[in-house]
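Notes for the one structure printed next.
The numbers here are math on the coordinates, done by the rules we state, and not lab data. The structure presented is a predicted model; accordingly, all values stated were derived computationally and were not measured. For neighbour counting, all protein chains shown are included, and Cβ atoms are generated from backbone atoms with ideal geometry for every residue, glycine included.
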Amino acid sequence: MFRCEAHADKLGDHCAICLEGMDDRRTQIRNCGHCFHRDCLLEWTTTYRHSCPLCNADVGTIDPAHLASLQQPQPMTHRQTMQFHGHLNSFFDTCMEIGTVRFCSSRSCTIDQVMECFSAYCRFKGVDIALDTSPAQLAALLLPTILMLSREAQTPCPFITTSGEVHGVSIDLAATLAVFS
């Protein structure tokens, strides 16, 4: 497995932009050797500046083999979005019935926790939901469902922060994963 050896002692095997562990989505800047997730680096260079987030080295020399893979995921089709929402509604309904998800204004969870449990639910049900989306796209997919369910539960409207916190929704991660494993 490829590691960014030049800076592994300081960063471990983590992307310095999102602070998540490295995986097969990594790319390395040739000028400085720093490594990041491809999608994180793409967002950084298109939103902020075209230089390394750690040392300001020019990013113009990203390995050309990786440039094609730096593209954002394709948006879901209307049919895929409708299927996703149908499965997500079933997931939340099931979790509320068994008591592992609650709508409560004083609680929160993360998009990652919701998606981890939803993925376990899909595997359990034999449903193939392949999501190659950014956190912002996931938030856009989750928000309509949790707003509708919170209205049905007559609780205050939940909201999702830019950092991926889902306020107003509580999920018992361990219990939910145990049910769907």
Study note, to complete from the structure: With Gly164 itself left out, Lys, Arg at +1 and Asp, Glu at -1 over residues whose Cβ is under 12 Å from its Cβ give -3
Revision key, fill the gap. Taking every other residue with Cβ under 13 Å from the Cβ of Thr45 and scoring Lys and Arg +1, Asp and Glu -1, one gets -1
Review point. Spin-label point model (7 Å from Cα, Cβ direction): what's the Arg25 to Met148 distance in nm?
Key: 2.6
Review point. Taking 0.36 nm per intervening residue step and subtracting the Cα-Cα distance, what contour gain separates Ser90 from Asp13 on full extension?
Key: 24.1 nm
**Study point:** R0 of 30 Å, Cβ-Cβ distance Asn56-Thr77: FRET efficiency to nearest 0.05
**Key:** 0.15
**Study point:** Efficiency of FRET from Cβ geometry, Ser119 and Glu165, R₀ 25 Å, rounded to 0.05
**Key:** 0.85
